[in-house]
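What follows is one structure encoded as structure tokens, with my remarks underneath.
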Amino acid sequence: KTVRDLLLTFPRKHEEYLASASVADAAENMNVSFVARVVKAANRRSFKRRMTITEAVLEDGTGRITGIWFNQPYLTKNLAADKVFRFTGKVQKTKFGLRLVNARHESAAGFAMAGAPPEEGGEEPFFDRSHTDKSVPKEAGTDQGLMPVYPVTAGISQNVMRALMKEAMPAVALLEDPLPEGIRAARKLPAFKDAVRAAHEPADESAYAAAKKRLAFDEALRLQLSLGRLRRLRETQPAPAVPFARAATKVFVDSLPFAITEDQRQAAWSVLQDMEKPHQMHRLLDGDVGSGKTVVAAIAMNDAAHGGFQSALMAPTEILAFQHFTSLSKMFAREPYAIALWTGSYKRVARGGKVILCSSKKEIEGLGDEIADGKVAAVIGTHALIEESLRFGRLALAVVDEQHRFGVKMRSLLSGKSGLPGMDPHLLTMTATPIPRTLQLAMYGDLDLSLLRQKPAGRIDTQTRLFPKTERAKAYDKVCEEIAAGRQAFIVCPLIDPSDLLGAASVTEEFEKLRKKELKGIKMGMLHGKMPSAEKEKVMADFLKKKIMALVSTSVVEVGVDVPNATVMCIEGAERFGLSQLHQFRGRVGRGEHASFCFLLPGTFSPQTRSRLHALVEHMDGFALAEKDLQLRGAGDLLGTAQSGFPELAFASLADTGLMADAKAAAEEILAADPELERSPALKESLKAAAKTAHLE
């Protein structure tokens, strides 16, 4: 909205181009930018690669070259014959000759084409050639041959963005430096205005490196200041002090049909100690697949119930909420209190292990009244728990499962429903996505952390195998072999419906294909997020009852689904999932007494795909895989989904332990001397600005 916003919209990268090039200049592996006319353009279908290929013949006065684009069939509407564009991209050599691959194009009507007389191509309008034309003398603040590439939106081309930025650049002198001088000087960082200018128009590589270092530190510091202020805030937030019910806890743990691990025991003890304090607990329970996080939550929920308080467990899907309700109903069957299931589709209550369905309006209202009066000790549900219509009477513990699926705003709404004047419930968040130490430092500085690395006794490691397309039949031969032995299988696909754009395996298409070919004659089922809740529940019930032996599903089975008889997990399009997510899928099998298998079936088999998926074959430790995934793919959008309200990172890396540790130390120094940042108004304002642009759910 402002010139400042524009100046702080930094290039995603700088690309070096052969400026004002011609088609004749194009050579293998060269970045080029030239004006050309479209001779013709058409789409063709590549059935081998399951994608649409757009081809356009481009010409200027020096020759012709073919441009190709993958899975962008809509381009033919724009790339009409005789239209003139500036094409910017990389030239690659194929078996058909040189091709301009996935080039950006922007309207260049009126631009002169190389080799064309002025009357044919027209006079060239304004274009910032200082970034691209090495024949133009170097201007101050520019690097010949380097072109900034900005994040743009519909209607704003790169040329327009560069021209606007050039106009705005003098205003850099008005930018106030948010960093306290002592913090900046101690780290020998350049001034803010110098860093901003160099980020757009670097004089040389060293100037750009210094700018990146400064701007990365600013981002990391804002993140750590946000986390530090959150921690200080919650340390003063009153919460009900729940007395430790020692005898009741011992009876409950002894009644479990298995022995808890030492990790579970230590985590539960930490939670129970936190709940005894009169200020709010914020604890993250981070455990690998099958490590038993639900048992730790159950121990805490039981403790709250015996103290006369309520607890709530919020899960991201109805399937997972229903499964938690089922397992907790069994765990609490001997306890003297009631627990309830409350989702958009289901309302149920269990007393003494006996489950009662609430279907009529009167029954649902009655259950709601019992919860509001504090007569139901534990409520398990989805985001329906935070709806205004549901009230709690004495909520002392809020448990959020798969916490990265909920934004901070959602979790705070649950925290604000205690029903106890002036108090918030204790908050226990759980994740089955193992978090590397670097991300723990960067993202969860406001939470106390408990790790579950041990698996319950008797769990067998799942054998993981990678199958290229040529060996796909071997994977399904093993699926049939396991089903013939009475076991069951999951087949996971990345999409619900077929997509010409993505060309990836879909549930609907794969279900039909397998039913007619590889799994012909086998009882099959299909599960995805678009299905009605009742239908999803029936499919899962039939799978548990072995009425379905092979379940074709999307990622809705990623977490929480417990089918001990399932021994095979086939993942179609495996390259489209992250390592941590693939590890979650693998955790759906190996939960019973039989040997289990995870088959990775990638749609493409590039060297990068092979390297990444081999990591899953070699490692069963989810924490090691999370570190590997962070190295290979970066942190992605983890920040936006896990800790909304924090700034996104353009220069800093969550994997940079040194940077995050340095920023955390600086944040602690600043907050210790100036908790409200009154002496650093520019820094305080930068935190507000970052929070406004961060994703909220």
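The values are calculated or read from the model by the stated rules, or taken from the named source; none is laboratory data. If you're wondering where the values come from, they're calculated on a predicted model, not measured in any experiment. Quick reminder, even Gly has a Cβ in these numbers, built from the backbone with ideal geometry, and neighbours come from all protein chains shown. Just so you know, the surface numbers come from the protein's heavy atoms only, side chains and all, with ligands and any DNA or RNA stripped out. Shrake-Rupley method; radii C 1.70, N 1.55, O 1.52, S 1.80 Å.
Observations on the structure shown:
- The listed residues Lys628, Lys523, once ranked by accessible area (1.4 Å probe) with the largest placed first, stand as Lys523, Lys628.
- Counting every C-alpha pair in region 135-270, the share spaced more than 18 angstrom apart comes to 73%.
- Extension gain, Arg679 back to Ala185 (0.36 nm per residue minus Cα-Cα distance, nm): 176.1 nm
- What you get for region 485-598, charging only the Cβ of Lys and Arg (+1) and of Asp and Glu (-1), is a dipole of about 480 debye around the Cα centre.
- Spacing of the two label points (7 Å from each Cα toward its C-beta) at Ala203 and Ala650, in nm: 2.2 nm
- Solvent-accessible ranking of Val152, Val84, Val552, largest area first, probe 1.4 Å: Val152, Val84, Val552
- Pairwise FRET efficiency - Glu593 versus Gln273, Cβ, R0 = 30 Å, nearest 0.05: 0.25
- With every protein chain in place, region 201-322: carbon and sulfur % of accessible area (1.4 Å): 57 percent
- Gain on full extension, evaluated as 0.36 nm per residue between Asn78 and Ser606 minus their Cα-Cα distance, stands at 187.0 nm.
- Net charge dipole, region 301-433: roughly 200 debye, given to the nearest 20, about the Cα centre with Cβ charges of +1 for Lys and Arg and -1 for Asp and Glu.
- R0 of 45 Å, Cβ-Cβ distance Glu262-Lys13: FRET efficiency to nearest 0.05: 0.40
- Accessible area of Lys516 in the full protein assembly, 1.4 Å probe (Å², nearest 10): 130 Å²
- Two-site FRET efficiency, Val160 against Asn43, from Cβ-Cβ distance with R₀ of 35 Å, rounded to 0.05: 0.80
- Across region 234-239, computed HN-Hα scalar couplings (Karplus, 6.51 cos²θ - 1.76 cosθ + 1.60, θ = phi - 60°) run 6, 5, 10, 7, x, 8 Hz from first to last residue, x flagging Gly and Pro.
- Distant-in-sequence amide contacts of Val492, defined by a placed amide H-H separation under 5 Å and a gap of 5 or more residues or a different chain, comprise Ser553, Cys570, Ile571, Glu572.
- Put simply, the C-alpha atoms of region 276-378 give a gyration tensor, and the ellipsoid matching it has half-axes of 23, 17, 13 Å, longest first.
- Net dipole in debye of region 304-363 [+1 Lys, Arg Cβ; -1 Asp, Glu Cβ; about Cα centre; nearest 20]: 220 debye
- Spatial separation of Cα centroids for region 16-94 and region 231-276, in angstrom: 63 Å
- A compact globular protein would have a Cα radius of gyration near 2.2 N^0.38 Å; the ratio found for region 197-337 is 1.55.
- Net length gained if the chain between Ser107 and Leu174 were fully extended (0.36 nm per residue, minus Cα distance): 20.7 nm
- Probe 1.4 Å - accessible area at Phe623, Å² to nearest ten: 10 Å²
- GluC sites (Glu not before Pro) within region 563-624: DSSP coil, no more than 14 neighbouring Cβ in 10 Å: Glu593
- Gyration tensor (alpha-carbon) shape descriptor, region 165-206, a/c threshold 1.5: oblate
- In plain terms, if you count all Cα to Cα distances in region 518-607 and split them into 10 Å steps from zero, the share in each step is 16, 48, 32, 4, 0 percent.
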